[in-house]
Amino acid sequence: MRGTRGSTVGALVAVAALAVAALSAGGSSATGSGGRAARPPDCHSKAPPILHDGFPEPPTRYSRGGVLDTRLRASLGKVLIDGRRVTTMNYEGSFPGPTLVICAGDKLTVHLQNDLTEPTNLHTHGFHVSPEANHDNVFVRIDPGQSFTYEYDIPRDMPAGAYWYHPHVHMFVEPQVFAGLAGAIVQEGGLDDLPALRHVPQRWIVIQNPEVRHGKVVPVADASEPTAKIRPGQLQRWRIFNADAGRMVVLGMPHHARFQLLAEDGHTLARPLSVRRLMIAPGSRREVLVRGGRPGSYPIKAVPFAQFPGGDKAVNGGPIPNQTLLTLRSAGAPSHMSFPAHIRLGRLVDLRRKHVERKRTVVFSEMTEASGATKFQLNGMSFDPNRADVTMKLGSVEQWTLINETREWHTFHMHTNDFQVVSVDGRRVPYVDEQDNVALPPGSRTVILMQPTDFTGRSVFHCHVTLHEDHGMMATVQVVREPTAAQMQRSVVRDGGLAISSAAYGSPSPPPGVRALLFFCRALGIAPALAGVSGLPQARPPRAGDRARPAALGHGRGWSALLISRGWAPGPCTTTRSRLCTLALSLNVAFPLEPSCVRRTVLQREPMRSCRSALAPGRGASTCTSVRSPCAPCCLERCT
Ligand SMILES: [Cu+2]
């Protein structure tokens, strides 16, 4: 299922590095007049210079004396985009909204005035602040004509870097972000203080993806792309915000030039990472160094990328490929700025060294309803704000396996607490990162570690393709000091196998028998971990007689595969034949699929959606007959 706005609206899709220019007519904020604000003292005075060379940029609002008290008025009105006046939703008459610039330890107060005709609210994406009361609370709903004052006490140890703000009322996120309700937040300090970067000028780039909506045209597809000036040999540090409603942006430099990646989602990497392609998921931010080449003009393009099957071609509803995000014009006196490639940028706590207290699995799936509409789900469930999906213990380390069972990209975004990516499809990430949003390739498994600290309270995690989020791909999470037995029980997702693994805190090991089997397999160097099957045809469900081979997932835990087979199809899997089938999987040998294996394979390859809905309380066996035929027998067995 395609899920980007490009798929639903059509051809006029464009990535535009944009920003704007239209300034609001003042504003009631104490420090919040529009335009390019003078840099006050505090952390701001020490930050590297920002380039103002005609490249479009939103107005900035700086904190002073530890305080930024400002207004954001959300309304529908005319803004200036690439020199044209268009009508769309906006904050303070600016598209994107004003950039808020703060320091560690600041008090940020935002008076949000809703002058739209629909509810809205505010999420400070990436902030490590309380998710409750009038802080980063996404359950607040501000009706039309109402206002609400948000207060954020920025922790002294919140990493300096790139954050952003946008609405978060369920089912309104995608249309509002798409329409332009988004703005950047920069916390200065951190990398700014690094001697090697102190004189490297900065450029802040906010990416959005405007197009046709409600008859109002946001004409960027045929607009001239902005130009960024650079001198030959000069280094520039770019903070790039993907504030788009749902598009994965993959940027490519011309002539094999590379980006030096410095930070992800507000977190500094330990060392710079040289990359040719820079992928920025919707909601994510990246900080990079770029160097001016020989004199000339160099387009920086959003290279073709299949976010959904066929989505790399405009004819399939994808964005226009190879669209120029901006043109880098290298001219002027040469510069010889150097940057040590092996410099230590920062230091992060490696959660891989800590004891994992709990494991969970989150399955991203899609379900097409009879009406043709697509439901986007996590662990077979659509979002319900009144349900407690996950309860985490404050200070505990958890390992989550994120399984994308669909044929398109999703992302995993966590509020309040960031996470470290450990592996993707079994390939270990060779460095320590910290992110609040990670892209999940189709059919992939991503293992992350996280440790909720400092704040108890209730928030959410979700896909940041906001169309998917609005259509259900979101769940609640609460962090408590001491989970009660009832909370622990509620947070255990029992859906028959695939989304198991919510072991109790303090008992992370598989059963002794399974441990012995794993030890045996690992000693022989085979089957390091099993939970998938490769070699199966993609175009149709597997059938008896197909030859399959287990896919090593490499996350070091094979027992979930065994539990899957036990959890599902309890009838067949108690037979000797199905035990042999399981053993064949364990031993990593190709085998002809037996019927019981087929069922199991289908259950692994297909989202839990069909079987889950069939198994929901109150559903009869008749529901099972409506699911795909290879799956139905299994469901029937479980239902009856
Ligand atoms: Cu998604």
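Among the residues of the stretch 43-63, those that are within 21 Å of L80 (Cβ to Cβ), in a loop (DSSP other than H, G, I, E, B) and of a type outside the set (D, E) comprise L51, H52, G54, F55, P56, P58, P59.
Looking only at the stretch 373-399, count every residue that is within 16 Å of the ligand (Cβ to nearest atom) and not in a loop (DSSP other than H, G, I, E, B) and tell me the total. Spell out the reasoning first.
Start the filter on the stretch 373-399 by keeping residues that are within 16 Å of the ligand (Cβ to nearest atom), which leaves 373-383.
From what's left, not in a loop (DSSP other than H, G, I, E, B): 374-378, 381.
Residues meeting the conditions: 6.
For the stretch 400-442, a tally of residues being within 14 Å of the ligand (Cβ to nearest atom) and part of a loop (DSSP other than H, G, I, E, B) returns 7. For the stretch 303-335, filtered to residues that are farther than 14 Å from M248 by Cβ and assigned to a strand (DSSP E or B), the residue that is modelled with the lowest pLDDT is T324.
Find all pairs meeting these conditions: Cβ atoms under 6 angstrom apart; at least six residues apart or on different chains; first residue within the stretch 389-415 and more than 24 Å from G426 (Cα to Cα); second residue away from the ligand (no atom under 16 Å from the Cβ) and in a strand (DSSP E or B). Matching pairs, first to second residue: D389/T476; V390/V477; T391/Q478; M392/V479; L394/V479; H415/S459.
Can you tell me which residue in the stretch 472-481 is surrounded by the most Cβ atoms within 10 Å (Cβ to Cβ), limited to those that are closer than 21 Å to R387 by Cβ and more than 16 Å from the ligand (Cβ to nearest atom)?
First, pick out the residues of the stretch 472-481 that are closer than 21 Å to R387 by Cβ: 472-480.
Of the ones still in play, those that are also more than 16 Å from the ligand (Cβ to nearest atom) are 476-480.
Values: T476: 20, V477: 21, Q478: 19, V479: 23, V480: 16.
Looking at the filtered set, the residue picked out is V479.
Criterion first (within 16 Å of the ligand (Cβ to nearest atom) and closer than 20 Å to N137 by Cα) does T446 satisfy it? So T446 fails the test.
Quick one: how many residues across the stretch 350-372 are free of Cβ contacts under 8 Å to residues at least 24 places away in the same chain and of a type outside the set (S, T, Y)? Before you say what the answer is, go through the steps one by one.
Within the stretch 350-372, the subset free of Cβ contacts under 8 Å to residues at least 24 places away in the same chain is 353, 369-372.
In the following step, the residues that additionally are of a type outside the set (S, T, Y) were identified as 353, 369-370, 372.
Qualifying residue count for the region: 4.
When you go through (1) within 16 Å of the ligand (Cβ to nearest atom); (2) more than 28 Å from V138 (Cβ to Cβ); (3) over 19 Å from the mean Cα position of the chain (by Cα) one by one for H336, which number turns out not to apply? Result: H336 passes all but (1).
Select, from Q236, Q260, Q176, the only residue that is closer than 23 Å to T99 by Cα, in a strand (DSSP E or B), polar (S, T, N, Q) and at pLDDT 90 or above. Outline the logic, then answer.
Working: Q260 fails: closer than 23 Å to T99 by Cα; Q176 fails: in a strand (DSSP E or B).
Every option except Q236 fails the conditions.
R271 - would you say it is charged (D, E, K, R), modelled with pLDDT under 90 and in a strand (DSSP E or B)?
Values: charged (D, E, K, R): yes; modelled with pLDDT under 90: yes; in a strand (DSSP E or B): yes.
Spelling it out, R271 is indeed charged (D, E, K, R), modelled with pLDDT under 90 and in a strand (DSSP E or B).
Looking at R360, is it charged (D, E, K, R) and either at pLDDT 90 or above or not in a loop (DSSP other than H, G, I, E, B) (or both)? Give the steps one after another, and end with the answer.
Working: charged (D, E, K, R): yes; either at pLDDT 90 or above or not in a loop (DSSP other than H, G, I, E, B) (or both): yes.
When the stated conditions are applied, R360 passes them.
The lone criterion from (1) more than 24 Å from T456 (Cα to Cα); (2) within 16 Å of the ligand (Cβ to nearest atom); (3) in contact (Cβ under 8 Å) with a residue 60 or more places away in the chain left unmet by F305 is number (3). Within the stretch 449-471, the set of residues being near the ligand (Cβ under 10 Å from one of its atoms) and assigned to a loop (DSSP other than H, G, I, E, B) comprises C463, H464, V465, H471.
The values are calculated or read from the model by the stated rules, or taken from the named source; none is laboratory data. Quick caveat: nothing in here was measured; it's all calculated off a predicted structure. Don't worry about glycine lacking a Cβ; one is built from the backbone with ideal geometry, like all the others, and counts go over all protein chains shown.
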